[in-house]
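Trainee: Here it is, the structure, as C-alpha cells.
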Amino acid sequence: ELFTMSSNSVTNGGKTTLAEKLKNMLPNCDIISQDDFFKPESEVETDEHGFKLYDVLDALYMDEMVTSIRNWIKSPASSGVVTEEPQNTCDNVKNVYILIVEGFLLYNYEPLNELWNRRYFLTLPYEECKRRRSTRVYQPADTPGYFDGHVWPMYLKYKNELEENANIQVDYLDGTKSQEELLSYVYSDIIQELNKLRE
C-alpha cells in the first residue's frame with residue numbers, strides 16, 4: 001500500500017525539519033524535496049526591480065518533479081527506501097510505503113493535486129518569517145529588499161489562492177509552535193489516516 005503526504009510551508013517554516021523527523025519515525029518512508037528541482041540561476045527570470053523570481057513555478061523543473069514522484073509511486077520498493085522499522089511503529093502500518101513531498105509551491109500545480117492523501121501547510125507571521133530568513137545563507141544570496149519585494153508577496157498570493165480553492169483540503173499548521181508539538185500532531189494524524197486506509 002502507498003501513502004503520499006505533502007508538507008508545504010512559507011520560507012523557513014520548518015517543512016524540511018518536519019519531513020526528516022517523520023522519516024525517522026515512519027516505516028518505509030522516503031522524501032522528495034521541491035528544492036532539488038530549481039532551475040539554474042541563469043534560467044530564472046528577473047522582475048522589473050531586479051529580483052530573481054525564485055518563488056514561482058516557472059523557476060522549477062516541475063515536470064521532472066512530477067516524473068520523480070510518479071516513478072516512486074510505481075515502484076517504491078526500488079527507490080532505496082530505508083526499510084528498518086522505527087521503534088513504536090503500529091503493526092498495521094508496517095506494510096505501507098510512505099512518500100513525503102516537501103516544498104513551498106505544491107498545491108497550485110494541477111498534475112500533483114490528485115496525488116496527496118494528506119496536505120499540510122506550515123504558516124508563519126511576517127516578523128518571524130523575516131527573522132528566520134535573515135539567519136539563513138542562500139545561494140544565490142538574497143539581495144537587499146528581496147524578502148519584502150518578492151518572497152513575502154508571493155507567499156501571500158499563493159496562500160490566498162489556496163484558501164479560495166474549496167476543492168483543495170489543506171491542514172494549516174502554526175509554524176511558531178515547537179517542532180515537537182508539530183511533529184506529534186502530524187505523526188498522529190498520519191497514523192490515523194493509515195488506520196482508516198486499512199479499515
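Trainee: State which residue pairs qualify: first residue surrounded by 11 or more Cβ atoms within 10 Å (Cβ to Cβ) and inside segment 28-56, second residue at pLDDT below 90 and assigned to a loop (DSSP other than H, G, I, E, B) in any location, beta carbons under 6 Å apart, and separation of 6 or more residues or different chains.
Mentor: Asn28/Val81; Asn28/Thr83; Asp30/Ser79; Asp30/Val81; Glu41/Pro140
Trainee: Also, quick follow-up: Among the residues of segment 161-199, which ones are closer than 17 Å to Gly13 by Cα and not aliphatic (A, V, I, L, M)?
Mentor: Asp171, Tyr172, Asp174, Gly175, Thr176, Lys177, Ser178, Gln179, Glu180, Glu181, Ser184, Tyr185 - these are the residues of segment 161-199 that are closer than 17 Å to Gly13 by Cα and not aliphatic (A, V, I, L, M).
Trainee: Looking at (1) within 15 Å of Gly103 (Cα to Cα); (2) among the basic types (Lys, Arg); (3) in contact with a helix residue (DSSP H, G or I) (Cβ under 9 Å, 6 or more places away or on another chain), which is the only condition Lys177 fails?
Mentor: For Lys177, the exception is condition (1).
Residue-wise test of (1) modelled with pLDDT of 90 or more; (2) touching a helix residue (DSSP H, G or I) at 6+ places or on another chain (Cβ under 7 Å); (3) over 27 Å from Glu110 (Cα atoms); (4) assigned to a helix (DSSP H, G or I).
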site: Asp148; (1), (2), (3), (4): yes, no, yes, yes
site: Leu156; (1), (2), (3), (4): yes, no, no, yes
site: Lys159; (1), (2), (3), (4): yes, no, no, yes
site: Glu163; (1), (2), (3), (4): yes, no, no, yes
site: Leu173; (1), (2), (3), (4): yes, yes, no, no
site: Leu183; (1), (2), (3), (4): yes, yes, yes, yes
site: Tyr187; (1), (2), (3), (4): yes, yes, no, yes
site: Ile190; (1), (2), (3), (4): yes, no, no, yes
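Trainee: Being in contact (Cβ under 8 Å) with a residue 12 or more places away in the chain, assigned to a loop (DSSP other than H, G, I, E, B) and out of contact with any Ser or Thr (no Cβ under 9 Å at 6 or more places or on another chain) is the filter; apply it to segment 136-146 and report the residue that is surrounded by the most Cβ atoms within 10 Å (Cβ to Cβ).
Mentor: Once the filter is applied, the top-ranked residue is Thr143.
Trainee: Next up: Among the residues of segment 100-135, which ones are of a type in the set (Phe, Trp, Tyr) and part of a helix (DSSP H, G or I)?
Mentor: Tyr126
The values are calculated or read from the model by the stated rules, or taken from the named source; none is laboratory data. Keep in mind the model is a prediction, meaning the values are calculated, not measured. So basically every Cβ, Gly included, is an ideal-geometry build from the backbone, and we count neighbours across all protein chains shown.
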